[in-house]
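The structure appears below as C-alpha cells.
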Amino acid sequence: MTGPAGNGPGAGGGDGPGGGDGPGAGGPGAGGAAEAAVPAEAIDPDVDLHVPAQRAERPGPVLAAIAAGGALGASARYGASLLWPAAGPGAFPWTTFWTNVAGCALIGVLMVLISEGGRTAPHPLVRPFAGVGVLGGFTTFSTYAADFSRLLDAGEAGRALAYAGLTLVAALGAVGAGAGLTRLATGLPVRGGPRGRE
C-alpha cells in the first residue's frame with residue numbers, strides 16, 4: 001500500500017501500513033513481480049495531499065459528518081441493546097458480539113465500494129459520515145471491554161476469554177467476508193486467494 005506524503009499511515013515511518021514494520025515496509029515479497037502487477041490503493045483516496053486546496057480543507061464539515069453519523073450509529077447500537085438485552089451478569093453478550101460483527105462486515109463492504117477499482121466516494125463526506133461516523137458509532141470497543149470485565153467480575157473467566165477471542169476472529173473474518181463478497185458482486189479482483197485469481 002502507498003499513501004500520500006505526510007505523517008499518516010503509509011507515510012514511510014512508524015509501524016502502520018506502508019511504513020516501518022507493517023505491510024509494504026520491504027518485508028517478504030517486497031518488490032516481487034506478482035505484487036508489482038497489482039496497483040497499490042491510496043490510503044485515503046478522498047484526499048490528495050499533493051493538491052494545496054485539499055491540504056487546506058477546513059475540518060468543520062468533516063467533523064459534523066462524523067458527529068451526525070456517530071449519533072445514528074450509536075443510537076442503532078443502543079436500540080439493539082434494548083431489543084436484545086443480555087440475559088444476566090454472567091451471560092454471553094450476544095448483542096454486542098453480533099453488533100460488532102455486523103458493523104465490521106459493513107465496513108468491508110463500504111471500503112470496497114468507495115475505494116477500490118479506481119472508485120472514489122461520490123462525495124468527500126461519505127467516508128467520514130458512513131465509515132467513521134455511522135459504523136464507528138455502531139461498532140463498539142468500549143462496550144466489548146466492559147462486557148469482558150463484567151464476565152470476569154461474575155467469575156466467568158472462561159466465557160470472558162472465549163468472548164474476547166471469538167469477537168476478534170469473527171470481526172476480522174466479517175471484514176474480509178464483507179469485502180470479498182462485495183468484490184465478487186462488483187467484479188473486482190478477489191484478494192488473498194491463489195495468485196492466479198488476482
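Please work out whether the range 55-198 counts as rounded, prolate or oblate from its C-alpha gyration tensor, where a ≥ b ≥ c are the square roots of the eigenvalues and a/c under 1.5 means rounded, while otherwise a/b larger than b/c means prolate and anything else oblate? It comes out oblate by the Cα gyration axes.
Counting Lys +1, Arg +1, Asp -1, Glu -1, what net charge surrounds Leu135 among other residues with beta carbon under 15 Å of its beta carbon?
Values: positive: Arg77, Arg127; negative: none.
With Lys, Arg at +1 and Asp, Glu at -1, the neighbours total +2.
Here the calculated FRET efficiency for Val169 and His123, from their Cβ-Cβ distance with R0 = 45 Å, stands at 0.85, rounded to the nearest 0.05.
Each residue, Ala87 and Val51, gets one label point 7 Å from its Cα in the Cβ direction; the gap between the two is 5.4 nm.
Ranked from the most accessible area to the least, with a 1.4 Å probe and all protein chains present, what is the order of Phe92, Phe129, Phe141? Numbers along the way, then the final one.
Numbers: Phe92 35, Phe129 75, Phe141 150 Å².
Highest to lowest solvent-accessible surface, that is Phe141, Phe129, Phe92.
For Ile114, Ile66, the ranking by accessible surface with the largest value first comes to Ile66, Ile114, using a 1.4 Å probe.
The values are calculated or read from the model by the stated rules, or taken from the named source; none is laboratory data. Source: prediction; values computed, not measured. Positions of Cβ are generated from backbone atoms using ideal geometry, with glycine treated the same way; all protein chains shown enter the neighbour counts. Side chains are part of the model used for accessible areas, which takes the heavy atoms of the whole protein and leaves out ligands, DNA and RNA. Shrake-Rupley method; radii C 1.70, N 1.55, O 1.52, S 1.80 Å.
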